[in-house]
Amino acid sequence: MKYKIFIIIFLLIGWAGVIFYASNKTSTESNKASKNLIKSSLVISIKITNKLNITDIDIREQNINKIVEEINYPLRKCAHATVYFVLAILIFILLKIIGLRRSLIILFTIVFCFLFSITDEYHQTFVEERTGQFSDCLIDTTGSFIGVSIMCLIFRKKSK
């Protein structure tokens with residue numbers, strides 16, 4: 001049991017480090033990285049679906065760039081929720097291994113994720129070109145709530 005706790009704590013600290021690292025990038029760096037990831041994923045997906053005759057999408061640079069511009073913002077917000085979804089799952093598992101009651105696990109996990117999100121947004125106010133946004137805290141907390149909900153469903157099915 002101790003090794004499980006050690007592994008989860010290691011993963012949890014590592015994941016918090018990933019969040020900190022991502023928040024430490026300037027707005028320009030972060031935006032460029034996400035647009036490049038979206039663009040390469042989009043081009044690959046379109047080439048595959050065009051080749052399979054599922055789609056017939058024009059992949060000229062200007063068309064791809066237009067699509068990337070349209071979906072970049074919502075996908076970045078989904079990334080916020082996803083990162084905290086993972087954080088919540090790690091915290092949930094740790095507290096479950098420790099043996100807390102489910103109601104306390106739920107409460108502690110969501111409160112911790114919310115507080116961590118606030119400190120992360122505050123941290124961003126010290127990074128060039130970045131701002132802290134409370135709306136991102138709400139998105140992060142929503143991601144953690146979804147993670148906790150899924151873990152509750154999993155453990156409810158497991159206990160039956």
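Ranking of Met151, Met1 by solvent-accessible surface, largest first: Met1, Met151 (1.4 Å probe, protein heavy atoms only, all chains present). Maximal additional length on extending the Ala79-Thr131 stretch stands at 17.0 nm, based on 0.36 nm per residue less the C-alpha distance. Backbone geometry of region 88-96 corresponds, through the Karplus equation with coefficients 6.51, -1.76 and 1.60 at θ = phi - 60°, to 3J(HN,Hα) couplings of 5, 4, 5, 5, 4, 4, 4, 5, 5 Hz, x marking Gly and Pro. For the chain, the longest principal axis of the alpha carbon atoms and the long axis of helix 27-51 meet at an angle near 70°. Within the straight-line cut-off of under 25 Å between alpha carbons, the lysines reachable from Lys77 are Lys25, Lys32, Lys35, Lys39, Lys66, sequence neighbours fewer than 8 places apart in one chain being disregarded.
Counting heavy atoms of the protein chains only and a 1.4 Å probe, report the per residue accessible area for region 26-160 as a whole number of Å².
Values: 8460 Å² over 135 residues.
The answer is 63 Å² per residue.
Stretching the chain fully between Ser27 and Ile118 yields a gain of 31.0 nm (0.36 nm per residue, less the alpha carbon separation).
Quick one: pull the percent of accessible area on the chain belonging to carbon and sulfur, 1.4 Å probe, ligands and nucleic acids left out. That share works out to 69 percent.
Sites listed here are trypsin sites (Lys or Arg not before Pro) in region 9-65 whose DSSP assignment is loop and whose Cβ has at most 16 other Cβ atoms within 10 Å: Arg60. 3J(HN,Hα) couplings calculated from phi for region 116-127 with the Karplus curve 6.51 cos²θ - 1.76 cosθ + 1.60 (θ = phi - 60°) are, in sequence order, 5, 5, 4, 5, 5, 5, 5, 4, 5, 5, 9, 9 Hz; Gly and Pro show x. Matching the structure-derived volume of the Cα convex hull per residue in Å³ against the labelled list (i) 155; (ii) 143; (iii) 100 gives the label (ii).
Under a Gaussian network description of the chain, with springs only between Cα atoms under 10 Å, the residue in Gln62, Gln133, Gln124 that fluctuates furthest is Gln62. Anyone know which of Phe20, Phe126, Phe85 comes out most mobile in the 10 Å Cα GNM of the chain? Looking only at Phe20, Phe126, Phe85, the biggest GNM fluctuation is shown by Phe126.
A probe of 1.4 angstrom, applied to the heavy atoms of all protein chains, finds Leu37 with accessible area near 120 square angstrom. Computing FRET efficiency as 1/(1 + (r/R0)^6) for Ile71 and Val18, where r is the C-beta to C-beta distance and R0 is 25 Å, gives about 0.65.
The values are calculated or read from the model by the stated rules, or taken from the named source; none is laboratory data. Since the model is a prediction, treat every value here as computed from it, not as a measurement. When we count neighbours, we look across all protein chains shown, and the Cβ atoms used for this are built from the backbone with ideal geometry, even at glycine. Keep in mind that these areas ignore ligands, DNA and RNA; they rest on the heavy atoms of the full protein, side chains included. Shrake-Rupley method; radii C 1.70, N 1.55, O 1.52, S 1.80 Å.
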